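Here is the structure we will look at.
The values are calculated or read from the model by the stated rules, or taken from the named source; none is laboratory data. Just so we're clear, the structure is a prediction, and the values are computed from it rather than from any experiment. With ideal geometry, Cβ positions are generated from the backbone for all residues, glycine too; neighbour counts draw on all protein chains shown. Just so you know, the surface numbers come from the protein's heavy atoms only, side chains and all, with ligands and any DNA or RNA stripped out. Shrake-Rupley method; radii C 1.70, N 1.55, O 1.52, S 1.80 Å.
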Amino acid sequence: MSNRMVCREASHAGSWYTASGSQLNAQLEGWLSQAQSTAGPARAIIAPHAGYTYCGACAAHAYKQVDPSITRRVFILGPSHHVPLSRCALSPAEVYRTPLYDLRIDQKVYADLWKTGMFERMTLQTDEDEHSIEMHLPYTAKAMESYKDEFSIVPVLVGALSESKEQEYGKLLSKYLADPSNLFIISSDFCHWGQRFRYTYYDENQGEIYRSIEHLDKMGMGIIEQLDPVSFSNYLKKYHNTICGRHPIGVLLNAVAELKKNGLDMNFSFLNYAQSSQCRNWSDSSVSYAAGALVVH
């Protein structure tokens, strides 16, 4: 056995966000300074995973709710974009690199999750190809910088889960969500609209196409705020909104439902919404972004 640490490189640095640590730090600081901390301390956040020029400002509204002084472990649940996965997968890496500083994977929690038999291992290649977790690493590093040696991360790649599997993973992760020293980051963009996404739902009562998209997204966001996994599933079945992190969101909603049975009082609120561009005709396309936070009372 070699003692070399398995590291996941910051494979999207230099393309989806800057590879310069000082530049990245200044950007993140700028966006965070524009956001208000109104819904903290967050136990979970939903934030986007696109290139930072598109969604960096939006994501800041979620990260601003994080309290680094109580957070010791950061679970990051991201959807799988490149490999078909019917379950959830854990990384083979021990360390995730970012241009700011390296993040350590919590091997104890990983071992506990592995023992359940519910997880598979992704390859390092799959891990480095995927952006849905990586786009949260610089923001996590920034939000946690004052306690950078005192926390670990738990990255989980979430497959195309059935409703019953979302429930199983929600149940499993609910005990971690119940612990105030854990933070859950749910990685998701919202509507991907346009011919290139094969999704062109349009309700002309809303006016321009981009207003119809916003109305559709905000309907979904309102349902997520109700913290009811069944209503969210029904919404997706009815409108087929192309929310790429719908399964990580489903897992969170099921974990919350589990904790509510035990009398835990929680609420979720969305704090920001944005679109990559405003669609006005059928040849346009856009991706929507939303940032929100779950608070336990």
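General remarks:
- Per atom type, the stretch 8-48 shows carbon and sulfur on 45% of its accessible surface, probed at 1.4 Å.
- The chain, dipole about Cα centre (Lys/Arg Cβ +1, Asp/Glu Cβ -1), debye to the nearest 20: 380
- With a simple spin-label model that places each label point 7 Å from the Cα along the Cα-to-Cβ direction, the separation between Leu124 and Val296 comes to 3.5 nm.
- For the pair Ser152 and Glu29, a Förster radius of 25 Å applied to the C-beta separation gives a FRET efficiency near 0.60, rounded to the nearest 0.05.
- Interchain or long-range residues, amide H under 5 Å from His49's placed H: Ser188, Asp189
- The stretch 241-288: C-alpha pair distances exceeding 19 Å, %: 49
- Dipole in debye (nearest 20) - the stretch 107-234, about Cα centre, beta carbon charges: Lys, Arg +1; Asp, Glu -1: 260
- Within the accessible area of the stretch 198-297 (1.4 Å probe), percent carbon and sulfur: 45
- Computed extension length for Ser164-Lys115: 15.6 nm, one decimal, from 0.36 nm per residue of separation with the Cα-Cα distance subtracted.
- Relative contact order of the chain, pairs being alpha-carbon contacts under 8 Å that are 6 or more residues apart, as %: 27
- Amide proton proximity set for Ile185, modelled H, under 5 Å, gap of 5+: Ile45, Phe75, Ile76, Leu77
- Loop-located trypsin sites (Lys or Arg not before Pro) in the stretch 229-297, at most 12 other Cβ atoms within 10 Å (DSSP): Arg280
- Ratio Rg/Rh, restricted to the stretch 29-91 and using Cα atoms, in which Rh is the Kirkwood radius: 1.03
- Candidates per chymotrypsin sites (Phe, Trp or Tyr not before Pro) in the stretch 193-266, loop by DSSP, up to 15 other Cβ within 10 Å: Tyr201, Tyr202
- Mean Cα-pair separation over length for the stretch 1-105, i.e. relative contact order, pairs under 8 Å, 6 or more apart, %: 41
- Entry comment: accessible area of the chain is 43 Å² per residue, from protein heavy atoms only and a probe of 1.4 Å.
- Listed cross-link partners Lys115/Lys171; Lys108/Lys175; Lys171/Lys218; Lys171/Lys261 are compared with a 20 Å cut-off, the Cα-Cα value being larger for Lys171/Lys218.
- q = 0.18 Å⁻¹: log10 I(q)/I(0) that the Debye formula gives for the stretch 186-281, counting C-alpha atoms only: -0.84
- Three-way shape label, the stretch 1-134, alpha-carbon gyration tensor, a/c 1.5: prolate
- Ellipsoid semi-axes in whole angstrom, largest first, where each is sqrt(5λ) of the Cα gyration tensor of the chain: 28, 22, 19
- Electrostatic tally near Ile209: other residues with Cβ closer than 11 Å to its Cβ, Lys and Arg +1, Asp and Glu -1, net -3.
- Spin-label model, Asp284/Lys171: points 7 Å from Cα along the beta carbon direction are separated by 4.5 nm.
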